[in-house]
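Inspection log for the structure reproduced underneath, given as structure tokens.
The values are calculated or read from the model by the stated rules, or taken from the named source; none is laboratory data. Every value quoted in this text rests on a predicted model; they were computed, and no experiment measured them. Please note: Cβ atoms are built from the backbone with ideal geometry, for glycine as well, and neighbour counts cover all protein chains shown.
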There are 2 protein chains.
Amino acid sequence: MSVFRFSLLSQSGQARHGIASTAHGAFSTPAFMPVGTQGTVKGVLPEQLQALGAEIILSNTYHLYLRPGTEVIERLGGLHRFMHWDGPILTDSGGFQVFSLAKLRKMTEEGVRFQSHIDGSTHLLSPEKSIQVQASLGSDILMPLDECPPGTASWQEVSRSLDLTVRWLERCIRTPRQDHQALFGIIQGGMFEDLRLQSLEKTAAFDLPGYALGGFSVGEEKATMRQVMQAIAPHLPADRPRYLMGVGIPEDILFGINLGIDLFDCVFPTRAGRNGVLFNWNGRLHIRRSQYRFDERPVDENCTCYTCRNFSLAYLRHLDKAREINASVLCTIHNLHFYQDVMKASRNAIQEGTWEQFYLRWMTHWATPREELQSCR
Amino acid sequence: MSVFRFSLLSQSGQARHGIASTAHGAFSTPAFMPVGTQGTVKGVLPEQLQALGAEIILSNTYHLYLRPGTEVIERLGGLHRFMHWDGPILTDSGGFQVFSLAKLRKMTEEGVRFQSHIDGSTHLLSPEKSIQVQASLGSDILMPLDECPPGTASWQEVSRSLDLTVRWLERCIRTPRQDHQALFGIIQGGMFEDLRLQSLEKTAAFDLPGYALGGFSVGEEKATMRQVMQAIAPHLPADRPRYLMGVGIPEDILFGINLGIDLFDCVFPTRAGRNGVLFNWNGRLHIRRSQYRFDERPVDENCTCYTCRNFSLAYLRHLDKAREINASVLCTIHNLHFYQDVMKASRNAIQEGTWEQFYLRWMTHWATPREELQSCR
């Protein structure tokens, strides 16, 4: 059986602080997982990830299955060894990428037939195949293949879809995986509260070690999304980790923590960093702006990250404008460190029983007009 | 006066081992300088450079003058602080880049008028301007503005050119620079031995703290180049460091060391790394080749670099094919480490008095058909 364990350590309001342990070590929750799509977090080496506080990362089954291919990673000793990351890894099912990146998709009960976005080759992603690939990768937390209906789907379509997702989950559970691997369930149901509850009920019946909320990172109207999240979150099994997939910007993460979510992932801090967008506790700044030309301050004067300890805004702006690789490296390091700082501060507030003040303070502070909830898987 | 000092510690054949000290620390010679064109060594952070053994780096005056501009670096406290590199820095004069990168050049006695390759703006690079910019940068070793005649130039043209270079050198020497900065001289003269000797005589008359050989990295026929180098090297002042500019591939560096050269720089290890070409003691390998798909060995089994200690050829191949930033990072780290290894092994052989065996061993080993001497500034 899986060695995966989850213990709640403290709670403040609905916000929870806990610890999850895997065969590759433990991580504290709430946790943010940097995304290593192709078996590497873009621009950041494993030791740098550890130094900035990341305890678990996510990698994408779809990408690794297509390139370098399951056989390569398996023969090289699994994903941890291949990418030189000894900590916990969560892999997704590949489904989301098939629906968002691949071409010529054909859905059947069996699975999704699709064409690779890299070379056009045809593949079938079935529930069994997804688990087989993740078993080869050797990740610590596995996600089952689910259907991700478009945001425009009707109640009937979403209802049909979540039943398919439940049948697929059953097939995922029956597919052999490695002993140490924990398989989570994914709750779908779109923006329909009744369907979300139905999906939760059917999924939780499998008594899985963790549950994820899917479909909240696909660019829906934020108010609706938050309403549905609020409706479903209290019903998630309290003793299992709760994962809000593909979310998000810092205020969406705080919103999730406030509802009792434990686990997040998003490409936003890495992607934004590569585009010269930097986070700090006051919001975001665009490093390309001319106002930073002579600015000798770091991105954030209170930040202890490698970038802030050693480099000025003026230098980062120069590297970004000169399109230097190290612009991406340094901005990504800062952004991921900032995200980990937000998680640490949140955990501290929960431990100290001051979550509510913490939450209100930062949600108010950040409540300047901002982009919609980012789609960032 | 300059705090620059150079001491010879041992000699084996013509090959020399010494130590140079600057206001920003010392470096052992023979030394190879990684190139940080735009105030950063592409893909490698300062601590990584130190860890792989680099003691001195080169940065390009032309690039930094155009972007971010002298004023920015000056106001940010100089190049060392700007780029977070506390060790010695050598800056070139900018002349070579004006001749190779800029457009609409017009040479006069005053200097070179040129158009920026970035935004088309017009600038005058004069001997005074070059030194003023380098003074603002605060580098430890400065190079004077020289004219770089094309390889096709006649004896008469090269002769005229080297006289201009000498007049420019005089103006460079008279231009104020920071107290700690050492100004080297550059010996030109193309592929004409008599002109090389003439240039040396006229340049050495200024009693400078170091001398460079220019014009040996511009794609001339290798045999001719080596012949001219052999003719000129023995006449270089023995108690001053000798710098072979823009050279080169490992065998050209060994060839230079064998003639008593102390200092080298080249973009080849960094540029090759970004293109998936990796060095080891057996030669080079192209990481994209399918033969490495399942290869779990490191680039070099005896290499102690970060990349070789932690990653397989198969992983590097995957990152390269997936165009991941970390492919450039890891391949550059290895290549620069290899170059530093070559320098360390050379210094050891000189110290132990076994240079000749070392030199013959590796020149023979590497004497498979290879590219011409690389132009790599």
Legend entry - Set B:GLU74, B:GLU110, B:GLU55: member being more than 20 Å from A:PHE311 (Cα to Cα), surrounded by 16 or more Cβ atoms within 10 Å (Cβ to Cβ) and assigned by TED's automatic domain parsing to the domain that holds B:PRO237: B:GLU55
Inset, instruction - Looking only at the range A:348-368, decide whether some residue is touching a Cys at 6+ places or on another chain (Cβ under 8 Å) and either more than 13 Å from chain B (Cβ to nearest Cβ) or at pLDDT 95 or above (or both). - result: no
Inset, instruction - Would you check if there is a residue in the range A:300-313 being within 13 Å of chain B (Cβ to nearest Cβ), of a type in the set (Lys, Arg), out of contact with any strand residue (DSSP E or B) (no Cβ under 9 Å at 6 or more places or on another chain) and within 22 Å of B:ARG67 (Cα to Cα)? - result: no
Legend entry - Residue ranges of helices (runs of 4 or more DSSP H) in the range B:226-330 with at least 2 members within 19 Å of the chain's Cα centre (by Cα) and more than 30 Å from B:GLU193 (Cβ to Cβ): B:268-274
Legend entry - the range B:81-119, residues that are within 12 Å of chain A (Cβ to nearest Cβ) and closer than 26 Å to B:LEU244 by Cα: B:MET83, B:TRP85, B:ASP86
Inset, instruction - Check the range A:131-138 and report whether any residue there is in contact with a helix residue (DSSP H, G or I) (Cβ under 8 Å, 6 or more places away or on another chain) and within 27 Å of A:VAL228 (Cβ to Cβ). - result: no
Inset, instruction - Any chance you could count how many residues in the range B:25-35 are in contact with a helix residue (DSSP H, G or I) (Cβ under 7 Å, 6 or more places away or on another chain) and either hydrophobic (A, V, I, L, M, F, W, C) or within 14 Å of another protein chain (Cβ to nearest Cβ) (or both)? - result: 4
Inset, instruction - Output yes when any residue across the range A:138-147 is more than 24 Å from A:PRO241 (Cβ to Cβ) and either in the same structural domain as A:ALA54 (by TED's automatic domain parsing) or not in a strand (DSSP E or B) (or both), and no when none is. - result: no
Inset, instruction - Collect the residues in the range A:238-260 that are under 15 Å from A:SER7 (Cα atoms) and in contact with a Pro (Cβ under 7 Å, 6 or more places away or on another chain), keeping them in residue-number order. - result: A:ARG240
Legend entry - Leading residue by the ranking (nearest to the other protein chains (Cβ to nearest Cβ)) among those in the range A:49-72 that are farther than 28 Å from A:HIS337 by Cα and not acidic (Asp, Glu): A:PRO68
Inset, instruction - Report the residue count in the range B:185-199 for those that are surrounded by fewer than 24 Cβ atoms within 10 Å (Cβ to Cβ) and either closer than 14 Å to B:ILE141 by Cα or touching a His at 6+ places or on another chain (Cβ under 8 Å) (or both). - result: 1
Legend entry - Options B:ARG226, B:ARG284: the member that is assigned by TED's automatic domain parsing to the domain that holds B:ARG347 and free of Cβ contacts under 8 Å to residues at least 40 places away in the same chain: B:ARG284
Legend entry - Options A:LEU263, A:LEU244, A:LEU259; residue that is surrounded by fewer than 24 Cβ atoms within 10 Å (Cβ to Cβ) and more than 30 Å from A:ARG293 (Cα to Cα): A:LEU259
Inset, instruction - Taking the residues in the range B:180-206 that are in contact with a Ser or Thr (Cβ under 7 Å, 6 or more places away or on another chain) and assigned to a loop (DSSP other than H, G, I, E, B) as candidates, determine which candidate is farthest from B:GLY78 (Cα to Cα). - result: B:MET191
Inset, instruction - Quick one: A:ARG274 ticks every box in (1) in contact (Cβ under 8 Å) with a residue 12 or more places away in the chain; (2) out of contact with any helix residue (DSSP H, G or I) (no Cβ under 8 Å at 6 or more places or on another chain); (3) charged (D, E, K, R) except a single one, so which number is it? - result: (2)
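For every residue, the table says whether it meets (1) within 26 Å of A:HIS334 (Cα to Cα); (2) crowded, with 22+ Cβ neighbours inside 10 Å; (3) within 16 Å of the chain's Cα centre (by Cα); (4) not assigned by TED's automatic domain parsing to the domain that holds A:GLY39.
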site	(1), (2), (3), (4)
A:TYR65	no, yes, no, no
A:SER93	no, yes, yes, no
A:PHE96	no, yes, yes, no
A:PHE99	no, no, no, no
A:GLY120	no, no, no, no
A:VAL133	no, yes, no, no
Inset, instruction - For the range A:161-170, indicate whether the set of residues that are assigned by TED's automatic domain parsing to the domain that holds A:ILE56, modelled with pLDDT of 95 or more, closer than 30 Å to B:ALA322 by Cα and buried (at least 21 other Cβ atoms within 10 Å of the Cβ) is non-empty. - result: no
Inset, instruction - Just give me the residues in the range A:312-332 being buried (at least 24 other Cβ atoms within 10 Å of the Cβ) and of a type in the set (A, V, I, L, M), in sequence order. - result: A:LEU316, A:LEU319, A:ALA327, A:VAL329, A:LEU330
Inset, instruction - Given the conditions (1) surrounded by fewer than 17 Cβ atoms within 10 Å (Cβ to Cβ); (2) not assigned by TED's automatic domain parsing to the domain that holds A:LEU208, report the number of the one that A:PHE4 does not fulfil. - result: (1)
Inset, instruction - State whether one or more residues within the range B:275-292 are β-branched (Val, Ile, Thr) and over 23 Å from B:ASN348 (Cβ atoms). - result: yes
Inset, instruction - Please work out which residue is farthest from B:ARG75 (Cα to Cα), limiting yourself to the range A:285-299 and to residues that are buried (at least 16 other Cβ atoms within 10 Å of the Cβ) and away from every other protein chain (no Cβ under 11 Å). - result: A:LEU285
Legend entry - Neighbours by Cβ (under 8 Å, 6+ apart or cross-chain): first from the range B:174-190, closer than 20 Å to B:HIS235 by Cβ; second in a loop (DSSP other than H, G, I, E, B) and aromatic (Phe, Trp, Tyr): B:GLY185/B:PHE206
